[in-house]
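Q: First the structure, which I've put down as structure tokens, then a few questions once you've had a look.
Read-outs throughout are calculated quantities, based only on the coordinates presented, and are distinct from any laboratory measurement. Worth saying up front: this structure is predicted, and the values here are computed from it rather than measured. Because the Cβ atoms are built from the backbone with ideal geometry, glycine has one as well, and the counts that use them run over all protein chains shown.
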Number of protein chains: 2
Amino acid sequence: MNIKPDCLVCLFNQALKTTKLLNLDDETSAKILFEIAKILPNYSLNYTPPQIAKDTYKLIEEITNNPDPLSKAKEISIQEAKKFKPFLYEEIKNSDDKLLTALKIAVAGNVIDFGAKKQFNLENILNEIFNTSFKIDDYLKLKEQLKIAKKVVIIGDNCGENIFDVILADVLKSLYDIELFYFVRGKPIINDVTIKEANESDMPKFATIIDTGVPTPGYDLKYANEKSKKIFNAADVVIAKGMGNFESLYQITNREVFYLFIVKCNVVASAINANEKDIILCKK
Amino acid sequence: MNIKPDCLVCLFNQALKTTKLLNLDDETSAKILFEIAKILPNYSLNYTPPQIAKDTYKLIEEITNNPDPLSKAKEISIQEAKKFKPFLYEEIKNSDDKLLTALKIAVAGNVIDFGAKKQFNLENILNEIFNTSFKIDDYLKLKEQLKIAKKVVIIGDNCGENIFDVILADVLKSLYDIELFYFVRGKPIINDVTIKEANESDMPKFATIIDTGVPTPGYDLKYANEKSKKIFNAADVVIAKGMGNFESLYQITNREVFYLFIVKCNVVASAINANEKDIILCKK
């Protein structure tokens, strides 16, 4: 999905938010914004948001001299998410439709973004999402395809969220006779899950972790390594988490993907004819 | 008041909002944002927000080939504001403290910003402001000074708001034996009041309209013509409306000014130790 003018402002604003999260002084924050302003005109409306975000965050890394500026925020998000595991496994245990519940849990995890910055009440959000229907709902199609699937890919998104993905992976493995892969970014980019955080979670018990090599906050086939592309293309079912993966793959890949995310901006909302805050399970 | 990093993002966002108000296509909107991104690194934290806004809006004028891109929005704001005149004069008539009521009306007018864009309920806001105290309240000082003042300046801000300023001017002239001046921008800049809109209002009945020559959305002494500076310096009382004038004068001019505005952003809020949406009547 290519950017809209709004995305340029959003990327600039995200950089500001990051400087605040990092408690940078005004001079350093301004330097980051000025350097980002300098590179923005190198793009056009033919880029995806994650392709530009890759470069804006690279500037933040360079100017702060920190290859993983959001490491602390990622850690906090993961710690917070872990606290919910007993509650979530109880929900799964009591559920009549464990796959649906696990998908709801996985999509709820998508609200964990910039962990420490925004004080959200995850418990309220979880209860809300359990009682909300997918605005675009291809659940039955996904369920049908999982029944005959042999290889399944989950493309991870943010840290914290990745803990909830483990529950989805656990449920998928317990319900279906599948080989499961969990895709992660090739390097720290924003608060996205990399091989480090995936290996530190319980995900390796249920899925083979695949370092996709992408430096983008979305699984971008232009940057993906051959290994991940082979698995991506050969999989019977791909579940892509979060807006970054949606933006990187939607209207770009020919293969069918189930997109599982919360709509967080008006540009994506209008691209899929939904509203901000809607939860989406959309086959395309 | 110099910019903070937040202002860079805000200026970029304001440009996007303007492209939407003008219903520009994505290509033109992106062009405007890319061109603004190109010039932002020319500034530093030593500029005021209006100094940069002058140049970002100039790019919008150039790219849209329109010397007054927001003329329609200004016109709508003025028409909307005029509808409230009978109601507001009734408030003045029934008021025990006509000066205070007129100042509240004038500050309420400051919510009229980008007229057509945001559907605000002006009547609710007016009633709310009548029942709200100034967060910083130098009303008694202003009242004392007006009693002995001979020359008074109101520095205008936005269109629409200027209609409410007429009521303040009317009340000032009826209560005090003063010579009154109403300052306007030297050219169309955003939705600010220029000599055109001031002359089309009833303001000339109560005040001498002064075209200050400034191309900035704030009365900036660097750009102000000699005539306006002479009146500004000689005045016994100056009332500066809105954040743009505050940003251009606060901590810059040596002369005493009464700033009358609604706090619309966290940067100004923190500069004066107030909160967003607070109403301010602050002598500095």
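Q: Sum up the charges of everything whose Cβ sits under 12 Å from the Cβ of A:Gln145, counting Lys and Arg as +1 and Asp and Glu as -1, but leave A:Gln145 out.
A: +2
Q: Same structure, new question: From other protein chains only, count the Cβ atoms within 10 Å of every residue's Cβ in B:21-33, then give the mean.
A: Mean partner shielding for this stretch: 3.
Q: Averaged across A:40-53, how many Cβ atoms of other chains sit within 10 Å of each residue's Cβ atom?
A: 2
Q: Residues with amide H under 5 Å of B:Glu179's amide H, sequence separation 5 or more or different chain, H placed in the peptide plane at 1.01 Å from N; which?
A: When sequence neighbours closer than 5 places are left aside, the close amide H contacts are B:Lys151, B:Val152.
Q: Nearest 5 is fine: what % of DSSP beta bridges in the protein assembly as shown come out antiparallel, could you say?
A: So the antiparallel bridges amount to about 25 percent of the total.
Q: Would you mind giving the average projected area, over all directions, of the Cα convex hull of the protein assembly as shown in nm² with one decimal?
A: 27.1 nm²
Q: Using alpha-carbon pairs under 8 Å, 6+ residues apart, how would you state the relative contact order of the stretch B:71-283 in percent?
A: So the answer I get is 23 percent.
Q: Another question, if that's okay. Of the trypsin sites (Lys or Arg not before Pro) in the stretch B:1-103, which ones lie in a loop per DSSP and count no more than 12 other C-beta atoms within 10 Å?
A: Those that pass, being in a loop and sparsely packed, are B:Lys83.
Q: Going through the cross-link list A:Lys143/A:Lys284; B:Lys54/B:Lys222; B:Lys104/B:Lys283; B:Lys85/B:Lys187, which pairs have a Cα-Cα distance over 20 Å in this structure?
A: Going by Cα-Cα distance, B:Lys85/B:Lys187 fall outside the 20 Å limit.
Q: Where does the protein assembly as shown land at 222 nm, in deg cm²/dmol rounded to the nearest 500, when only DSSP H runs of n ≥ 4 count, each adding -39500 (n - 2.57), divided by all residues?
A: Theoretical 222 nm ellipticity from helices: -15000 deg cm²/dmol.
Q: Roughly how many whole Å is it from the C-alpha centroid of the stretch A:158-228 to that of the stretch B:220-284?
A: Distance between centres, Cα-based: 54 Å.
Q: Separate question: So if we plug the beta-carbon distance of A:Tyr47 and B:Asn254 into 1/(1 + (r/R0)^6) with R0 = 60 Å, what FRET efficiency do we get, rounded to 0.05?
A: 0.75
Q: Out of A:Phe183, A:Val171, A:Ala149, whose Cα points farthest toward the positive end of the dipole of chain A (charges: +1 Lys, Arg; -1 Asp, Glu; placed on Cβ)?
A: Final value for the positive-end residue is A:Ala149.
Q: With each label point set 7 Å from Cα along the Cα-Cβ vector, what nm distance links A:Lys85 and A:Lys284?
A: Taking the simple label geometry, A:Lys85 and A:Lys284 are separated by 3.4 nm.
Q: In addition: Once the Cβ-Cβ distance between B:Gln145 and B:Asn273 is put in as r, and R0 is 35 Å, what FRET efficiency do you end up with, to the nearest 0.05?
A: 0.90
Q: What per residue convex hull volume, in Å³, comes out for chain A when only alpha-carbon positions are used?
A: 116 Å³
Q: About its Cα centre, what dipole magnitude does chain B give when the only charges are +1 on Lys and Arg Cβ and -1 on Asp and Glu Cβ, stated in debye to the nearest 20?
A: For this selection, approximately 480 debye.
Q: Say a label goes 7 Å from Cα toward Cβ at B:Tyr47 in every copy; what distances in nm does this one have to the rest, shortest first?
A: Ordered by increasing distance: 2.2 nm.
Q: Output, in nm with one decimal and in ascending order, the distances from the B:Tyr89 label point to the matching label points of the other copies (7 Å from Cα along Cα-to-Cβ).
A: 7.5
Q: Now for a different question. 7 Å along Cα→Cβ for the label point: how many nanometres lie between A:Lys20 and each equivalent label in the other copies, listed shortest first?
A: So the label point of A:Lys20 gives 1.8 nm to the other copies.
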